[in-house]
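Here the structure comes first, spelled out in structure tokens, and everything after it is commentary.
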Amino acid sequence: MAVITLDSEMTDLKNGPGPDAVFAAKLAEGVFEIQKCGGCGAYIFHPRVICPTCGSANLGWITPTGHGTVYARTIVRRKPERGGDYNVVLVDLDEGVRMMSRVDGIANEEIVAGLKVTAAIGEGADGEPAVVFRPEGGAL
Amino acid sequence: MSLRGKAAIVGAALAGCGEAHGKSSMEITIEAAYGALADAGIALGEVDAIATCQPLDMLSGLTLAQELGLNPKFTMNNRMGGSSFLSHTLWAAMLLELRLADTVLICYGSNQRTASGKLMTALGLPTYEAPYKPMFPLSSYALAADRHMTQFGTTREQLADVAVAARAWAQKNPEAFIRDPLTREDVIASRLVSDPLRVRDCCLVTDGGGAIVMRRAETAKDHPKPPVYLLGGGEGTTHRDISEMADLTVTGAAQSGAAAMTMAGVKPADIDVVQLYDAFTINVILFLEDLGFCKKGEGGAFVENGGIAPGGHLPVNTNGGGLSCVHPGMYGIFTLVEAVRQLRGEAGDRQIAGAELALAHGNGGVLSSQVTNILGTDTAL
């Protein structure tokens, strides 16, 4: 972990808004970005104030390739009258970060660990903008 | 300085297990606390440090002091989920060893079954998981089970055998909530909730409370029941949200178990009886691996065909566990009470003959917090 000595890093911490708000504002404009550490180069998701690898507060935003691989999957079972079944997955982005999401455009049972997927901006459970995935090469 | 053998559990009790109609969570807690003090032969006024953690009351430590009519020197309200109580024992041992307190009461109670019929929790979904609506906490464990099956070939049948073993133990425990026969086929035919987990892979929703009283080892024999010594303890915290868990097949129990066993000076093969927080069947497989009872990836084979059932190669969750005995939301305290009963020889039909060393293990959050305690009799000290 880095010793925090640089005035610039303290400035990074104090400058608002915080990373949650920045991420949400970008997503609302249809932009999916993740953080990259200016200290050690690690990619970071979810958005944070300091790098979980090296402790640096010097974090910037980059556009990920959007390519990822399903790490684990579950299907939440719901009666049809309550909206029916849906999948919940953990996806490892090619940048090395993991996120929870949903894979659209494929039957729930066909989603397995190792499936290659591509990110898109879709809708969350309450209609809010959310990063979702579709099978690589598939149409959404 | 080691905490090995410095403190002991001198009183233990359960209260309101199953359905406690007309009682609040704190009322059940007080009933358990009163029982543990009676078991120890200690007057309420001698308690000078308390610890609790309750599902909905964020200041439950303060409520506990108020309802006990005490002005304790120390009030511990550390919240790590179901593992909290196994952490409270470690802090209790520190307070006792430093002579900052003389009598520590650790207790819990919940009326979640009769009050709500489901898991009561003050927790909401994490910001970056909420849009995908995972079931809390079930889907997090389902993802861990899916990954374990993918990575190691763990089977549906092996998961089921964890629940079958718990039920077989529950059938030997008159206090267990569900004691009907349960087969592997029953588990596999039960309703899917969040794949691959089915209803019978999930812990019960019951009411219930538990409490223990701890004192310094030097005075631990001045009580009616044989003391149960805290020989080792350790913690591991790896994440808060399942999407932040680095490897869904390796929990913080690897860290907590190693720390606890190093302090106690024991190895897994020395342990006579094991109490694990079995919120879901996958938990038992993960913890047996991470605590060193078998190799990583071999937990499925370890539990298969009665491996942890009565007559198997390792007795696990001899009360019937959260799966079949009692699960009022934060099960950790019950691993301690059952370990005490086994080490005192009070476990009736389910007693493990000659049990001298017990391991109690709590899980908190979504595989997030792991805390291990090694407990032993006078012989093991």
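The values are calculated or read from the model by the stated rules, or taken from the named source; none is laboratory data. Note that this is a predicted model, so its numbers are computed, not measured. All Cβ positions, glycine included, derive from the backbone under ideal geometry; neighbour counts span all protein chains shown. These area figures cover heavy atoms from the full protein model, side chains too; ligands, DNA and RNA do not enter into them. Shrake-Rupley method; radii C 1.70, N 1.55, O 1.52, S 1.80 Å.
7 Å from Cα along Cα→Cβ at both B:A38 and B:Q66: what's the point-to-point distance in nm?
Here the modelled spin labels are 2.6 nm apart.
In degrees from 0 to 90, rounded to the nearest 10, what is the angle of the helix B:156-170 Cα long axis to the longest principal axis of chain B?
30
Using a cut-off of 22 Å between alpha-carbon atoms, which lysines can reach A:K26, once sequence neighbours fewer than 8 places away in the same chain are excluded?
Straight-line reach from A:K26, under 22 Å: A:K14, A:K36, B:K133.
Taking 8 Å as the Cα distance limit and 6 or more residues as the minimum spacing, I'd like the relative contact order of chain A as a percentage.
Values: 267 pairs, mean separation 26.5, N = 140.
Normalised by residue count, the contact order of chain A is 19 percent.
Given H placed 1.01 Å from N in the peptide plane, which residues other than close sequence neighbours of B:A7 have an amide H under 5 Å from its amide H?
B:A217, B:L230
Using the Cα centre of the stretch A:67-135 as origin and beta-carbon charges of +1 (Lys, Arg) and -1 (Asp, Glu), tell me which of A:V76, A:S101, A:V131 is placed farthest towards the positive end of the dipole.
The Cα lying farthest towards the positive end belongs to A:V76.
For helix A:19-28, report the angle its Cα long axis makes with the longest principal axis of the Cα atoms of chain A; keep it between 0 and 90° and round to the nearest 10°.
40
For a test of the definition: using alpha carbon positions, the gyration tensor, and the 1.5 limit on a/c, classify the stretch A:7-62 as rounded, prolate or oblate. Show your work: numbers first, answer last.
Working: a/c = 2.43, a/b = 1.42, b/c = 1.72.
Since a/c reaches 1.5 but b/c is at least a/b, the shape of the stretch A:7-62 is classed as oblate.
At what distance in nm do the modelled label points of B:D180 and A:V112 sit from each other, each positioned 7 Å from its Cα along Cα→Cβ?
Placing both labels 7 Å beyond Cα along the Cβ direction yields 3.5 nm.
Under unit Cβ charges (Lys, Arg +1; Asp, Glu -1), what dipole magnitude, rounded to 20 debye, does chain B have relative to its Cα centre?
Numbers: 29 positive and 39 negative charges, 20 e Å.
Result for chain B is approximately 100 debye, rounded to the nearest 20.
With r defined as the distance between the Cβ atoms of B:D270 and B:E97 and R0 fixed at 30 Å, what FRET efficiency is calculated, to the nearest 0.05? It would help to have the intermediate numbers written out before the result.
Details: r = 24 Å, r/R0 = 0.79.
The computed FRET efficiency comes out at 0.80.
For the protein assembly as shown, which semi-axes, largest first and in whole Å, follow from the square roots of 5 times the eigenvalues of its Cα gyration tensor? Walk me through the numbers on the way to the answer.
Numbers: eigenvalues 323, 150, 90 Å².
Three semi-axes, in Å: 40, 27, 21.
Rounded to the nearest 500, what is the 222 nm mean residue ellipticity of chain B from helices alone, with -39500 (n - 2.57) per DSSP H run of 4+ residues and division by all residues? All intermediate terms of the calculation are to be shown ahead of the outcome.
Working: 12 runs with 123 residues, N = 381.
Counting only the DSSP helices, I get -9500 deg cm²/dmol.
Is there a quick way to get the dipole size of the stretch B:228-321? I mean about its Cα centre, with the Cβ of Lys and Arg at +1 and of Asp and Glu at -1; what is the value in debye to the nearest 20?
Working: 4 positive and 11 negative charges, 30 e Å.
Computed about the Cα centre, the dipole is about 140 debye.
Please average, across the residues of A:73-81, the number of beta carbons from any other chain that are within 10 Å of each residue's own beta carbon, and give a whole number.
Details: counts 7, 16, 8, 11, 8, 3, 0, 0, 0.
Rounded to a whole number, the mean comes out at 6.
Using only the alpha-carbon atoms, how far is helix B:84-97 inclined from the longest principal axis of chain B? Give it as 0 to 90 degrees, nearest 10.
30
With the full set of protein chains in place, find how many percent of the accessible area of the stretch B:270-381 is carbon and sulfur; take the probe as 1.4 Å. Present the calculation step by step, with values, prior to reporting the outcome.
Working: 1120 of 2500 Å².
Looking at the stretch B:270-381 in its full context, I get 45 percent from C and S.
Each label point is 7 Å from the Cα along the Cα-to-Cβ direction; what then is the distance between the points at B:V199 and B:Q151, in nm?
3.1
What average number of partner chain Cβ atoms lie no more than 10 Å from the Cβ of the residues making up A:87-94? Please list the in-between numbers first.
Details: counts 2, 12, 4, 11, 1, 0, 0, 0.
The mean count of partner-chain Cβ atoms within 10 Å per residue comes to 4.
Quick one: which of A:117-127, B:106-116 comes out on top by average Cβ neighbours within 10 Å, and what's the full order, highest first? Don't skip to the end; give the middle numbers.
On the way: A:117-127: 15.5, B:106-116: 25.4.
Highest to lowest by the protection proxy: B:106-116, A:117-127.
Determine which aspartates and glutamates satisfy two conditions relative to B:K118: a Cα distance under 14 Å, and not lying fewer than 8 residues away in the same chain.
B:E19, B:D207
Can you give me the C-alpha center-to-center distance between the stretch B:89-114 and the stretch B:307-366, rounded to a whole angstrom?
Distance between centres, Cα-based: 19 Å.
Compute the distance from the alpha-carbon center of the stretch B:240-256 to that of the stretch B:1-28, in whole Å.
Their Cα centres are 28 Å away from one another.
Per-residue counts of other Cβ atoms within 10 Å, averaged by peptide: what ranking do you get for A:69-81, B:240-252, B:270-282, highest first?
Values: A:69-81: 18.3, B:240-252: 20.2, B:270-282: 26.2.
So the order, starting with the most tightly packed, is B:270-282, B:240-252, A:69-81.
Does the stretch B:197-254 come out rounded, prolate or oblate by the C-alpha gyration tensor, with a ≥ b ≥ c the root eigenvalues, rounded set by a/c under 1.5 and, if not, prolate when a/b is larger than b/c and oblate if not?
oblate
Under the definition of partner shielding as Cβ atoms of other protein chains within 10 Å of a residue Cβ, what is the mean value for peptide B:123-132? It would help to have the intermediate numbers written out before the result.
Values: counts 0, 0, 2, 2, 5, 10, 6, 6, 15, 15.
Average per residue, whole number: 6.
In terms of Cα to Cα distance under 19 Å, which aspartates and glutamates are near enough to B:K172, apart from those fewer than 8 places away along the same chain?
Of all the aspartates and glutamates, those that pass the test against B:K172 - Cα under 19 Å, at least 8 places apart if same chain - are B:D161, B:D180, B:D272, B:D278, B:E338, B:E346, B:D349.
Could you rank the peptides B:340-346, B:80-86 by their average count of other C-beta atoms within 10 Å per residue, with the highest value first?
Numbers: B:340-346: 21.7, B:80-86: 27.4.
Ranking the peptides B:340-346, B:80-86 by packing returns B:80-86, B:340-346.
Using modelled amide H (1.01 Å from N, peptide plane; none on Pro or chain starts), what sits under 5 Å from the amide H of B:V193, excluding residues fewer than 5 places away?
It is B:R198, B:V199, by chain and number.
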